[in-house]
Every structure is written in C-alpha cells, then in structure tokens.
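Take a look at the structure below.
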C-alpha cells in the first residue's frame, strides 16, 4: 500500500515538473513574440487589408487598454505555438512509460506530423476560409453603414479560427494513434459517420464568424473529409496491431 502511494506521489511530482517546464517555455516564447507584436498583428490583418474601407486602411481601438491587451493575446498565441514542439515532447516523455515500445515509437513519429498538420489547418483558415468570411461581413451592410473594424474583435476572431482549424486538422492523426493503441477500431469509427456529419456542420456553425451556410459548409466539408481520411489511417494503424488483441468488443458489435 505504501509502495502504491509512493508511486502515485512520484507520478504527481513528475507531472508537476513537466508542467513547470512547459510553462517556462511558453512564457519565454511569449515574451520574445511580444517584441515583434506589431509584425504579428500586421500578419493577422493580412486577410482583411483589401476590404478595409476607412481612409488610413487601419483598424481602430476604442478602449485605452484594448491594443496592448490584444497585442499580448496575439503574442501569447504565437508563444504557445512556438513552444509546441517542446510542449509535445514533455507530454510524450510523461505518457511514454505507460506505453509499450511499439506505441512509443509511433508516438515519437507522430510528434512532427502533428505540428505540420496543425500548421496546415491554420493555413487553411488564414488563406482560404477567413478572407471570404471577412468580405461577407464587411459587404453585408455596406449600403447602410460604414464598417470600422475594432482590432480587438478582429484579432479575437482570427485567433479563434486559426486555433480551431489547426485542432480540427489533427483529427486523422488522433484517430490513427487511438486505433493503433486499441482505444477505437475502424469498424466503430465507420459506424459513427452519421454523427460525424452532424458534428461537422455544428462545428462549422460555431467556428465561422458568419451565419451564411456557404462558409459553414466550407468548414464542415473538410471536417468530413478529414474524418474519412482518419478512418483509412485508423484501419492502417489497427492492422499493425498483434492479431491476438484485435478482437475488441467494439469490433464485434452489431451494426
């Protein structure tokens, strides 16, 4: 009993140590990013630069602390992303002892893939999704009112979109790994297609800053495609598991 308590205590201490180093890395990267906050904000304003109609082509802020607050928030986002490789490494080191050698090998291999996929998702939101959404929002009431873009509102929308699109693009990677370690099976994932379709459009409605169905479908369709890709990758990962542990209850459930 004492041995179990000591083991649990060591586990908590190890988790605290990993979280401490993750927090330090995020703090350092955030401070470095804040030095270049003007360049970061200009980059985030890129998709809207062709649609801003005010004379000086710049967004506005109406609260005294709004600009410095949004500058720090953008710097924090960049800091979190810049420290992502180190963060994923710390998480991997923490969970690795609970996995066997093959599972650890796949986990290590998926680290750079996860980062690349996140960048792809954020790029999809930045270059393909956000520009038409901004155009729609600025032109919808242009005959009645002149839009004056608050930088706080704009950057919050952009950060939210980039983050969630990056997370969504991780879906196939997560599905592959879960199937590889036996948490889910390809058969079970195929049976959830109808629910995945509904969730895709719900997520599309939540992520997009507009209410038009075109932009919502522009998010939902890639989610469905990513889910189908995840099923294929899950089948690949599950097929590499030893035969004696493939007969999980999920695989034998009736459709």
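For this structure, a couple of remarks:
- Within segment 207-226, tally of residues that are surrounded by fewer than 20 Cβ atoms within 10 Å (Cβ to Cβ) and at pLDDT 85 or above: 3
- Candidate set from segment 43-62 (those that are in contact with a strand residue (DSSP E or B) (Cβ under 9 Å, 6 or more places away or on another chain) and part of a loop (DSSP other than H, G, I, E, B)); member that is modelled with the lowest pLDDT: 54
- Index of the failed condition, residue 119 passing every other in (1) closer than 30 Å to residue 44 by Cα; (2) surrounded by 19 or more Cβ atoms within 10 Å (Cβ to Cβ); (3) modelled with pLDDT of 90 or more: (2)
- Filter result for residue 124 (closer than 22 Å to residue 227 by Cα and assigned to a helix (DSSP H, G or I)): yes
- Residue 185 falls short on exactly one of the conditions (1) under 23 Å from residue 99 (Cβ atoms); (2) within 19 Å of the chain's Cα centre (by Cα), and that condition is (2).
- Any hit, segment 238-247, residues being assigned to a helix (DSSP H, G or I), touching a helix residue (DSSP H, G or I) at 6+ places or on another chain (Cβ under 8 Å), at pLDDT 85 or above and surrounded by 14 or more Cβ atoms within 10 Å (Cβ to Cβ): yes
- Residues in segment 122-140 that are crowded, with 18+ Cβ neighbours inside 10 Å and within 16 Å of the chain's Cα centre (by Cα): 6 in all.
The values are calculated or read from the model by the stated rules, or taken from the named source; none is laboratory data. If you're wondering where the values come from, they're calculated on a predicted model, not measured in any experiment. Quick reminder, even Gly has a Cβ in these numbers, built from the backbone with ideal geometry, and neighbours come from all protein chains shown.
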